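S.K.: Submitted below is the structure of interest, expressed as structure tokens.
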Protein chains: 4
Amino acid sequence: MRIGVLTSGGDCPGLNAVIRSVVHRGTDVHGDEIVGIEDGFLGLIEGRTRPVSHDDVTGLLTLGGTILGSARVKREKIQWAVENARTLAGNIGIDALITIGGEGTLAAARLFSDAGLPVVAVPKTIDNDIDATDVTFGFDTAVHVATEAIDRLKTTAESHQRVMVVELMGRHTGWITLTAGIAGGAHGILIPEKPFDIEALARMIEERFRRGKKFAIIAVAEGAHPVPGTLRFEHGSLDQYGHQTFGGIGNRLARELEDLLGKEARPVILGHTQRGGTPTARDRVLATRFGWHAVEAVHKGAFGHFTALRGLEVELVPIADAVTRLKTVPDERWSECDAVL
Amino acid sequence: MRIGVLTSGGDCPGLNAVIRSVVHRGTDVHGDEIVGIEDGFLGLIEGRTRPVSHDDVTGLLTLGGTILGSARVKREKIQWAVENARTLAGNIGIDALITIGGEGTLAAARLFSDAGLPVVAVPKTIDNDIDATDVTFGFDTAVHVATEAIDRLKTTAESHQRVMVVELMGRHTGWITLTAGIAGGAHGILIPEKPFDIEALARMIEERFRRGKKFAIIAVAEGAHPVPGTLRFEHGSLDQYGHQTFGGIGNRLARELEDLLGKEARPVILGHTQRGGTPTARDRVLATRFGWHAVEAVHKGAFGHFTALRGLEVELVPIADAVTRLKTVPDERWSECDAVL
Amino acid sequence: MRIGVLTSGGDCPGLNAVIRSVVHRGTDVHGDEIVGIEDGFLGLIEGRTRPVSHDDVTGLLTLGGTILGSARVKREKIQWAVENARTLAGNIGIDALITIGGEGTLAAARLFSDAGLPVVAVPKTIDNDIDATDVTFGFDTAVHVATEAIDRLKTTAESHQRVMVVELMGRHTGWITLTAGIAGGAHGILIPEKPFDIEALARMIEERFRRGKKFAIIAVAEGAHPVPGTLRFEHGSLDQYGHQTFGGIGNRLARELEDLLGKEARPVILGHTQRGGTPTARDRVLATRFGWHAVEAVHKGAFGHFTALRGLEVELVPIADAVTRLKTVPDERWSECDAVL
Amino acid sequence: MRIGVLTSGGDCPGLNAVIRSVVHRGTDVHGDEIVGIEDGFLGLIEGRTRPVSHDDVTGLLTLGGTILGSARVKREKIQWAVENARTLAGNIGIDALITIGGEGTLAAARLFSDAGLPVVAVPKTIDNDIDATDVTFGFDTAVHVATEAIDRLKTTAESHQRVMVVELMGRHTGWITLTAGIAGGAHGILIPEKPFDIEALARMIEERFRRGKKFAIIAVAEGAHPVPGTLRFEHGSLDQYGHQTFGGIGNRLARELEDLLGKEARPVILGHTQRGGTPTARDRVLATRFGWHAVEAVHKGAFGHFTALRGLEVELVPIADAVTRLKTVPDERWSECDAVL
């Protein structure tokens, strides 16, 4: 078969590992031809493809990023592509399509599938917020990078008797912050699912100081927000370029805590270092398994499904199940933070 | 309550993180006193304990090893201790015991529990071979270390057009080797569950050379063994000190492949570097969760159970379920290696 | 002898390693008593000390930060302390003092030395801007952290065809940025020593795009500044809290480049992750050697000197030589960037 | 100019970084053509070359190994090549040759240079035993890997109250073992330059135990050897395959110490992991600088020289100076170990 593969959405460690796995399994076992589609759905629309052979994927396992590129496509253009799905597939001569991407890509994959294009999807998000799979690749790497940073910040905070506020990725869900916060031994964890009370946070830190500890690390998700009315500084706004780092939650929180505690507080915004670079061993394995199962799904004709990890097994789940709701941090999991911090 | 805690068995990244979590949750939330028992069951027998406070566990999250120590105790001594379980517990004044250890420790925990000592167990093994939990802490760290090593060996193998044989831990199960082998992109993976045929392995490598690749990495578990009669060198034996590294499978395999292929083959035995040092973020979180749930189990009176990860949740499982069989690599999982290597 | 030791100034990986080395060499070989002075010169003034024994420094080699703490002391207070140097030393009963700190600490050490206090100084700065020593500990670690970050950002930049601007430490000198920029393969390097022309930078990036490269990494020192009049956005100012991350050079540069190039440009501000955490092997060794030589200097009576690496040897250099001028990146070194980027 | 470049000898992190730097500097600034010669001098002899362009070296900075390959050539073949140096150079059409390699390569480079071939050499050895340069690239990476391993082994040794013997690279010199031993906080360091007395070593460890420490780490260079007559086990010999890991010094030492101390002792042989994989930041920079200066040397006509780091500067030194003697660990440096361990 001729199987198209595309990557779409933000960078995520493991994308290349999926591509490599698709090529290995497809070409070596099934004799498939793998057609790499450049820059996500844009390449599908514009017919920009190239064959991807076994040699082309040498060294990809450890390489972050995606050799196929990824570009944003406007909603209306996707809509147009869906309406012309069969023609576009015909133009590049593919029998099936494997899409690797996040929520938006899954939604698009579903539309293409409904439009008659044989699609298998591989989910991707460093945020780990797709409900139908236990975990996505990229997440473990993001947590690894964030945890290493917290490890490093701790000694500085302690030596200088400071509060350090570390802003981590997660606009809508707190998985990275919760996980790296626990792994790094943060003393406060603020996530979008649980609006925070800055006064209560300050009191907790003060209580910690009273017990003789001289520093504190606060991990905050970029999407965390205060209980309305409790952060005294006016809300910062995105600038004309949409840059979030100007006046983001990390910066504002550090300023506020410095004011409330009368102690030095410093923000650190990890930013894009969390979503690039070589994947952890765990992410490499998960990406490789997802690629393997995606090819098998194609050959079984399990279209309209995506690969999901459930417990120890990779299963095929209808794409529809993925896009219904965001996986947020549940109360029971949140309660496990209590007194382990 | 006064809760005793002990660590037993081989070193495993995350032991200290469990102790820290038990102390944080126990003392801060429940007002427990945590009694550290030194050198595993030996300390229980000899009454060697020390209180472990919140301050005592500062910095433990990132520290490998166990501050409580761990020592081997002979089977008959354990038997004697079980018969005197209540007295021993009385001597050190504990109301409940949390044991952190592997298969042997779980078996002992069960005996103590049956003898009337209120025990909750936390499973530990870098080998990941306990069937009742999806995964154990320590495993991810071992895989991480092994994968980094394979990453480094690859460039040397390639530059010198060599075969590299990397011997990884796993006497009875192949989880570390399978996982690190896939994560590192090994070209051959040999595990105890699947006796290997050295001639077939050599042919596979030769086929690889024919396709223009000039090197190969073979990941072999220390407990991997050939199909009987297929390794021509006589089987090495443990020396008087029981040291396995003299003539272990990695060394023998490299010699044999060099002979069969007429190419340089070099063994690397990773050894104990796989089981020490700072835990990965994932292992820290799992260890922390296990400690948290162990304390909760004590307060719920869920004795005779151990903490297990199932999917995303930590559950309490009867210890009896843990000790019935080893979790080996199943056929379906093994087949996922096919052509992803 | 009773030797006091203090750490002063910002956090720097290797401070603890120096303390450990001083204790090992002093107590084990010379039978010294080591007196730890808390929070830098503040502890000297306030008489806050504690004995530091061999056991107290166990594990310090790998630990970032300083177990003695570090606090800022106002200039007039230092002046007062200098005038009362002998009394203060008498109060805590020390025969000699080893100071570990940066430029300011060296200047203070010189004053104390001139005032008759027997002082040996160990230089410390992650910025590597002390002229009299080839290199200082902490620098290699900062470069290591910065390089790892650039490595991670590269794949994201490439996948998304973006410009990434990485702001690194260095207010007055460009050593970290130059070194990590070369090590990470940055495509532009901006340092305080060389005012940059934003238009020329943009043209260089455009030329790169024309050659088919689709991304660029720009490493910029926090103290880099444009040729006057060439950055069109008005100069940001420090806010009331003195936080530099609001509107720092990294953010402004990204905005400007986005505007000039019509391409996505994203800033990443590494911040304090560069100055904390476990030291690299090289920094551990240098810190250990400095501690060793500082003790020897005390016993040789080489007061008023500091430890300096010159080539392969640690030498003792008059403190006066250290404080005369900043070591900036010389022209010949800067020219080595040409076309290796 | 047409400049040939070849890599020769064992793998060493930074080889690719030199090649990249030569290409960047040569093609972008001087308009040179860079001719990659495959498999070291073998490729020169057999006329196997390929052009290496700017695009060909993309991504090489972080990649261990050498894209040009490296193969051993017999001495007589080198001799033949030297005699036919001009013809061989003419065959592949090069005006100058840059060789990247260790002691043997430098010796060969000198012969070719004397025979009239314009050669500039870049020194390479992870062992750091070339006297005419302060340090060589690859060394810092080897030390980094070895130090990380010692860090990991420490917690295991401590938890199990064991002696761990870590065998590191270094047949003739102890630089890696000395440096990683100090960086890792080893308690004993054995190097080829200083024959060791096993009884004295055992007494030192016993003394350590008496002081309450319950474990010890011994770093031993593969070429370390006992004072004649002091190791009771008969000396192991290389087997028919020349494999050194069978019965090497690490294994024998662990056995002996176990016997002498009556304590568990375990060997770990790091082996080839020390010489492969991505270079540290420091090695990337040094390799890049060497490549840059090698090209400049060619254009200055400074043939018969090699690049050397002296203090902070890269200088050009006559190759003859490099090959006269091995840089061994001098007494003063060795004495710095005293009581810092």
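The values are calculated or read from the model by the stated rules, or taken from the named source; none is laboratory data. Because the structure is predicted, anything quoted here is derived from the model rather than measured. A quick note on method: Cβ atoms are made from the backbone with ideal geometry, for glycine too, and the neighbour counts reach across all protein chains shown. Please note that ligands, DNA and RNA were not included when accessible areas were found on the heavy atoms of the full protein model with its side chains. Shrake-Rupley method; radii C 1.70, N 1.55, O 1.52, S 1.80 Å.
S.K.: Output, in nm with one decimal and in ascending order, the distances from the residue D:313 label point to the matching label points of the other copies (7 Å from Cα along Cα-to-Cβ).
M.R.: From this label point to the equivalent ones elsewhere in the assembly: 1.8, 7.0, 7.1 nm.
S.K.: What nm distance separates the two modelled labels at residue D:91 and residue C:46, each placed 7 Å from Cα along Cα→Cβ?
M.R.: 7.7
S.K.: From the label point of residue C:87, set 7 Å along Cα to the beta carbon, how far off in nm is each other copy's matching point, shortest first?
M.R.: For residue C:87, the other copies' label points sit at 6.7, 9.0, 9.3 nm, shortest first.
S.K.: Let me ask something else. Using θ = phi - 60° and the Karplus curve 6.51 cos²θ - 1.76 cosθ + 1.60, what whole-Hz ³J(HN,Hα) does each residue of region C:109-117 get, with Gly and Pro shown as x?
M.R.: For region C:109-117, the Karplus-derived couplings read 4, 5, 4, 4, 4, 4, 7, x, 8 Hz, x marking Gly and Pro.
S.K.: Under 22 Å between C-alpha atoms is the cut-off here; go through region D:142-275 and count lysine pairs that meet it, provided they're at least eight residues apart or on different chains.
M.R.: Working: D:154/D:213; D:154/D:214; D:154/D:263; D:213/D:263; D:214/D:263.
Here the count comes out as 5.
S.K.: Output wanted: per-residue J couplings in Hz (rounded whole) for region B:83-92, from phi through Karplus 6.51 cos²θ - 1.76 cosθ + 1.60, θ = phi - 60°, x for Gly and Pro.
M.R.: Listing the rounded values in order: 5, 10, 4, 5, 4, 4, 4, x, 4, 9 Hz.
S.K.: Right, next: By Cβ position, which chain D residue lies least far from the axis that rotates chain D onto chain B, and what is the distance to the nearest whole angstrom?
M.R.: Taking the axis that maps D onto B, the answer comes out as D:269, 3.
S.K.: Continuing with the same structure: If one computes the Cα centroid of region D:248-284 and of region D:62-130, what distance in Å separates the two points?
M.R.: 32
S.K.: Kindly write out, for region A:165-175 in residue order, the coupling ³J(HN,Hα) from the Karplus curve 6.51 cos²θ - 1.76 cosθ + 1.60 (θ = phi - 60°), rounded to whole Hz, with x marking Gly and Pro.
M.R.: Coupling constants for region A:165-175: 10, 10, 8, 10, 5, x, 6, 10, 9, x, 4 Hz.
S.K.: Something else about it: Counting pairs of alpha carbon atoms under 8 Å apart in space and at least six apart in sequence, what relative contact order in percent does chain D give? Could the numbers behind the result be given before it?
M.R.: On the way: 726 pairs, mean separation 77.5, N = 341.
Value for chain D: 23 percent.
S.K.: What is the set of long-range amide H partners of residue B:266 at a cut-off below 5 Å, with H atoms built 1.01 Å from backbone N?
M.R.: B:163, B:164, B:165
S.K.: For residue C:74, which aspartates and glutamates qualify as cross-link partners when the Cα separation must be under 17 Å and same-chain residues fewer than eight apart are set aside?
M.R.: A:264, C:38, C:39, C:46, C:83, C:103
S.K.: Would you work out the Kirkwood radius for region A:141-275? I mean one over the mean of 1/r across all pairs of different Cα atoms, in Å.
M.R.: Every distinct Cα pair counted, the radius reaches 14.7 Å.
S.K.: Comparing the chain by itself with all protein chains present, which residues of region D:45-72 are at least 30 Å² less accessible (probe 1.4 Å)?
M.R.: D:54, D:61, D:70, D:72
S.K.: How many nanometers, to one decimal and shortest first, lie between the label point of residue B:114 and those of its other copies, if labels sit 7 Å from Cα toward Cβ?
M.R.: Ordered by distance, the counterparts are at 5.9, 8.1, 8.1 nm.
S.K.: Now for a separate question. Under 19 Å Cα-Cα from residue A:124, which lysines qualify once same-chain neighbours fewer than 8 residues away are excluded?
M.R.: Filter leaves A:327.
S.K.: Now for a separate question. Hey, can you find the accessible area per residue of the protein assembly as shown for me, probe 1.4 Å, expressed in square angstrom?
M.R.: Solvent-accessible surface per residue comes out at 34 Å².
S.K.: Non-local amide H neighbours of residue D:306 (under 5 Å, H modeled in plane, Pro and chain starts lacking H): which ones?
M.R.: Counting only residues 5 or more places away or on other chains, the set is D:121, D:317, D:319.
S.K.: Taking amide H positions as placed in the peptide plane 1.01 Å from N, state which residues far from residue A:130 in sequence (5 or more) or on other chains have amide H under 5 Å from it.
M.R.: A:327
S.K.: Among B:73, B:295, B:29, which one moves the most in a GNM of chain B with springs linking Cα atoms closer than 10 Å?
M.R.: Among B:73, B:295, B:29, the largest GNM mean-square fluctuation belongs to B:29.
S.K.: Per residue in region C:167-189, which ones lose no less than 40 Å² of accessible surface when going from chain alone to all protein chains (1.4 Å probe)?
M.R.: C:182, C:183
S.K.: Separation between the residue C:114 and residue C:30 pseudo-spin-labels, each 7 Å from Cα along Cα→Cβ, expressed in nm?
M.R.: 2.5
S.K.: Can you give me the % of accessible surface on region B:73-179 that is carbon or sulfur? Probe 1.4 Å, all protein chains present, nothing else counted.
M.R.: Details: 1460 of 3370 Å².
Percent of accessible area from carbon and sulfur atoms in region B:73-179: 43.
S.K.: Using just the helices of the protein assembly as shown, give the 222 nm mean residue ellipticity in deg cm²/dmol: DSSP H runs with n ≥ 4 each add -39,500 (n - 2.57), and the total is spread over all residues, rounded to 500.
M.R.: Counting only the DSSP helices, I get -11500 deg cm²/dmol.
S.K.: Total accessible area buried between chains D and B, 1.4 Å probe, in Å² to the nearest 100?
M.R.: By this definition, chains D and B bury close to 3800 Å².
S.K.: Here is a further query. Please give the residues from region B:250-269 for which the solvent-accessible area of heavy atoms, probe 1.4 Å, is smaller by at least 50 Å² with all protein chains in place than with the chain isolated.
M.R.: Going by heavy-atom accessible area, the residues of region B:250-269 that drop by at least 50 Å² are B:255.
S.K.: Now a separate question. How high is the relative contact order of region A:1-100, given as a whole-number percent (alpha carbon pairs under 8 Å, six or more residues apart)?
M.R.: That works out to 43 percent.
S.K.: Another one. Which FRET efficiency value, to the nearest 0.05, is calculated for residue C:197 and residue A:58 with the Förster distance at 30 angstrom and r the Cβ-Cβ distance?
M.R.: Calculated transfer efficiency: 0.15.
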